[in-house]
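K.L.:
Here it is, the structure in full.
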Protein chains: 2
Amino acid sequence: MNAPTAPQHLLPTIAIRAMPAALVDALQARFGKQFSTAMAVREHHGRDESSFSVPPPAAVVFAESTADVADAVKLASDYAVPVIPFGVGSSLEGHLLAVQGGISLDVSRMNAILSVNADDLTVTVQPGVTRKQLNEAIKDTGLFFPIDPGADASIGGMCATRASGTNAVRYGTMRENVLALEVVTASGEVIYTGTRAKKSSAGYDLTRLMVGSEGTLGVITAATVKVYPLPEAISAAICSFPSIEAAVRSTIQVIQLGVPIARVELIDANTVRMVNTYAKLGLREEPLLLMEFHGSPTGVKEQAELVQEIATDHGGQAFEWASTPEERTRLWTARHNAYFAAVQSRPGCKVISTDTCVPISRLADCLLDSVTEADASGIPYFLVGHVGDGNFHFGYLIDPDNTEEREKAEQLNHALVSRALALEGTCTGEHGVGLHKMDFLLAETGAGAVAMMRAIKQALDPQNILNPGKIFRL
Amino acid sequence: MNAPTAPQHLLPTIAIRAMPAALVDALQARFGKQFSTAMAVREHHGRDESSFSVPPPAAVVFAESTADVADAVKLASDYAVPVIPFGVGSSLEGHLLAVQGGISLDVSRMNAILSVNADDLTVTVQPGVTRKQLNEAIKDTGLFFPIDPGADASIGGMCATRASGTNAVRYGTMRENVLALEVVTASGEVIYTGTRAKKSSAGYDLTRLMVGSEGTLGVITAATVKVYPLPEAISAAICSFPSIEAAVRSTIQVIQLGVPIARVELIDANTVRMVNTYAKLGLREEPLLLMEFHGSPTGVKEQAELVQEIATDHGGQAFEWASTPEERTRLWTARHNAYFAAVQSRPGCKVISTDTCVPISRLADCLLDSVTEADASGIPYFLVGHVGDGNFHFGYLIDPDNTEEREKAEQLNHALVSRALALEGTCTGEHGVGLHKMDFLLAETGAGAVAMMRAIKQALDPQNILNPGKIFRL
């Protein structure tokens, strides 16, 4: 690990590749109404939840099948033009932006549940299926898909960014929950990266190579993921703390004791205030932990009692419990609305999100100094965290037209990442590298690892057409 | 998935690459007493637990540091000579055999525990540390490393084959339990694939690309792995069943109900007989399940009661419980001695191991027909299984000099793999591909995925010096 030496450049040099008329004609001929060059459609596909603004893609293809994806990629390959897979547009780091031009390949219409194997706890879906859609589709089987990144993201996009979220502390991330993928390669070939077997030692782990590759190594056209029996009992709790430190130290102790907690989320007082205003919740405006326990009724009771004891030892109070789905939904409103509440608190703002993740023993060191810095900066922010995993997010709310604010926010982010790397952590727990963290990735892993990533990219996509200009400069 | 069309060739064509005298001199100069070309040393490094016999490596280097590994690989690279990492020699599929000649790089002396981060539930070790050594070293911390492939394998070797074993049903495999690796690349450069953060979206997942790459993409020189708090309560049980089917159907139900069982191992009547003879155990010579439950005292009791109920419904009887470590060890003796008991039951025999793994709902279909076939063949065999994961092993005990027996055993294996692939399973749950399963891998994943693996190999090891001739033909 090397400390990043200077705030990174916000965007790589943009060199838009030409979109030949012959390719436009060929796509039009092949895809008809599934193809568009209308500016409104292009613009919709030229932005995500990041704060970057770049020219939109030259065209959009709406794929409805694996064959559509394969043909679109083949045509792009014939003309060496970029292809950028697009799910619902909820990525945070500029992953979807056409920094080298080309085609946005929208897979949102590929939204079929292909198979539900309830006996094996697996489902296979097309990439445009969203996590909420999946859970709705399987709710009658007594199963659920736990990965919850907040946004109602597409499963394809969640694979591509190695997403996780609130339930990861117990159920793992997309890394642990994807069994197999169908992928269209840079030459338009369809490959299969695994089977439905729970474990395998059959060759290189192409599944996990694709998970987190951000569309740069292939286009995901189907995913087999793990699902879980709905717990017999679920209990949620909210607890206020006198300080962020008290909340964090409670969390650390819970994790170190091996309590199989399903969710443990931090929200700082600032963000509680924003949520109270946005959703009229009336929560105590103090740092709070939102927790959830899954298991047998006895198991949940045991966990809850132990955690309440730990929290009380750290000054936690105003415990509020929820056992019915309706009560739980109300408690979780605070967490699920945090992002929107923050954005609305400063009309016209853009969010610069941080995503550091550190070993749990380093969490307090990493978080508390960064809070002090953020408070001193004067930049408004929200702070939420999947603290059970050592992962938290500042969202700096900047005026996008104010260069000074943007730079200040980037300096805060830079200081935070430097701190996290020095504490043996990562610059991104779940959002991915995209455009925003290329220099951080280099600082984190070193030039050797990035060179290895680049060599893999060049071997699998020699024309650099799959979402070029992301993760590393190429 | 394509059905394999014919029994695979047992060994690829062997083309031994020359070992230039200048390289021998250079290795001798650099490594002195850590270098050997003595035939006894070479022969020790030229065999593993597979049934193959090929000429030994030309030389052996005993690495004592990452710098030693880097220098050995650099020298090998200068002369385009193969390098084969060697841990304890317990691999089952010919991984360690020098099919293209070259240097065996023995890392067993790199056996230091580099750091124990008890608060974060991680440890970092050199690759020659064995799993038992690791557990001995951390036992006073209240933590344990759960992955148990049977043999006292090295952590480096376990990473390289994506090993798992008896505890995987609850704790996952090496895929889920390796956080980060230090790796020497084909050019002798040292790279780092991750951090100690529990999760990360920082670029391509080089950790999991290396895990299971069987020494073909890099030499692992350090590994950071997850460890777990020793459960508050552990209970083990043994239960006999009237048939393999009854034992398997019990297991399927336990898994489908989501019981967090820590171990559930099948041993067939045949193998119980062998173990009784070998270890004088006096177990009922019927199919049995060995199970273990981890958790709080109440949680363990709940699990055990539920499982006993399910087993009894399937005709399970003669339940024997063990709660103290000594009692548990006695029960587990049967499982841990199965391999050696089987080998001793037929003096001079070699074992051909199968390693299929299927989705749990297909386990009975896959296993029962294969038992019928094995019984009909007349080849002696043992049968054990990590049945909670859908993974089981036949060990066909063949006379290595009897071609007919070898072919019969390979035909059994072939029929079993074909069945597993048709049931959406894998040819190898945990042993790896090595020399033995290259055709099976092709049948399982298809030519496209193998071509992608080969492209990655060629990009990262253009001279094909890292354990060449394994996983796929190259």
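The numbers here are math on the coordinates, done by the rules we state, and not lab data. Since we're looking at a predicted model, the values are computed, not measured. Quick reminder, even Gly has a Cβ in these numbers, built from the backbone with ideal geometry, and neighbours come from all protein chains shown.
K.L.:
Which order do peptides B:26-36, A:386-396 fall in by mean Cβ count within 10 Å, highest first?
P.N.:
Packing order, densest peptide first, comes out as A:386-396, B:26-36.
K.L.:
Hey, got the average number of other protein chain Cβ atoms within 10 angstrom for residues in A:450-459?
P.N.:
Per-residue shielding by partner chains comes out at 6.
K.L.:
Report the extension gain between A:Thr141 and A:Asp401 in nm, rounded to one decimal, defined as 0.36 nm multiplied by the number of residues separating them, less their alpha carbon distance.
P.N.:
Working: separation 260, 0.36 × 260 = 93.60 nm, distance 4.97 nm.
Gain on stretching A:Thr141 to A:Asp401: 88.6 nm.
K.L.:
Please state the relative contact order of segment A:344-437 as a whole percent: Cα pairs under 8 Å, 6+ residues apart? Mind dumping the intermediate values first?
P.N.:
On the way: 135 pairs, mean separation 37.8, N = 94.
It rounds to 40 percent for segment A:344-437.
K.L.:
Let me know the whole percent of all Cα-Cα pairs from segment B:233-340 that are separated by more than 23 Å.
P.N.:
On the way: 1253 of 5778 pairs.
Cα-Cα pairs in segment B:233-340 separated by more than 23 Å: 22 percent.
K.L.:
At 7 angstrom along the Cα-to-beta-carbon line, where would the label on B:Asp365 sit relative to the other copies? Give the distances in nm, shortest first.
P.N.:
Sorted ascending, the copy-to-copy spacings read 5.3 nm.
K.L.:
Follow-up. Could you derive backbone 3J(HN,Hα) for segment A:272-278 from the dihedral phi with the Karplus parameters 6.51, -1.76 and 1.60 (θ = phi - 60°), listing whole Hz in sequence and x where the residue is Gly or Pro?
P.N.:
Here the 3J(HN,Hα) series is 4, 4, 4, 5, 4, 5, 5 Hz.
K.L.:
Quick one: length gained pulling B:Glu309 to B:Ala112 fully straight, 0.36 nm per residue minus the C-alpha distance?
P.N.:
On the way: separation 197, 0.36 × 197 = 70.92 nm, distance 4.55 nm.
Contour length minus Cα-Cα distance gives 66.4 nm.
K.L.:
Under the definition of Cα pairs under 8 Å and six or more residues apart, what whole-number percent is the relative contact order of chain A?
P.N.:
On the way: 1033 pairs, mean separation 84.0, N = 474.
The value is 18 percent.
K.L.:
Now for a separate question. I need the calculated FRET efficiency for the pair A:Trp321 and B:Gln317, taking r as the beta carbon distance and R₀ as 51 Å, to the nearest 0.05. Show your work: numbers first, answer last.
P.N.:
On the way: r = 43 Å, r/R0 = 0.85.
Efficiency computed from Cβ-Cβ geometry: 0.75.
K.L.:
Shifting gears a bit: In nm to one decimal, list the spacings between the A:Phe319 label point and its equivalents in the other copies, with label points set 7 Å along Cα to Cβ, shortest first.
P.N.:
Counterpart label points of A:Phe319 in the remaining copies fall at 3.3 nm.
K.L.:
Would you calculate, for chain B, the mean residue ellipticity at 222 nm contributed by helices, counting each DSSP H stretch of 4 or more residues as -39,500 (n - 2.57) and dividing by all residues, to the nearest 500? Before the final figure, lay out the partial values.
P.N.:
Values: 17 runs with 176 residues, N = 474.
The per-residue figure over chain B is -11000 deg cm²/dmol.
K.L.:
Then there is this: Amide H to amide H, which residues 5 or more places from B:Phe144 or on other chains are under 5 Å from it, using H placed in the peptide plane?
P.N.:
Amide H neighbours of B:Phe144, under 5 Å, 5+ apart: B:Tyr228, B:Leu230.
K.L.:
For A:Leu114, which sequence-distant residues (separation of 5 or more, or a different chain) have an amide H within less than 5 Å of its own amide H, given hydrogens modelled in the peptide plane?
P.N.:
So A:Leu114 has HN proximity to A:Thr124, A:Val125, A:Gln126.
K.L.:
Okay, next question. Hey, with R₀ at 35 Å, roughly what FRET efficiency would B:Ser377 and B:Gln28 work out to, going by the Cβ-Cβ distance, to 0.05? Don't skip to the answer; put the middle values down first.
P.N.:
Working: r = 50 Å, r/R0 = 1.43.
After rounding, the FRET efficiency stands at 0.10.
K.L.:
Relative to the other copies, what are the label-point distances for A:Ser65, with labels 7 Å from Cα along the C-beta vector, expressed in nm at one decimal and sorted shortest first?
P.N.:
Ordered by distance, the counterparts are at 6.2 nm.
K.L.:
In addition: List the residues, sorted by chain then number, that are 5 or more residues from B:Thr166 or on another chain and whose placed amide H is less than 5 Å from its amide H.
P.N.:
B:Asp148, B:Gly150
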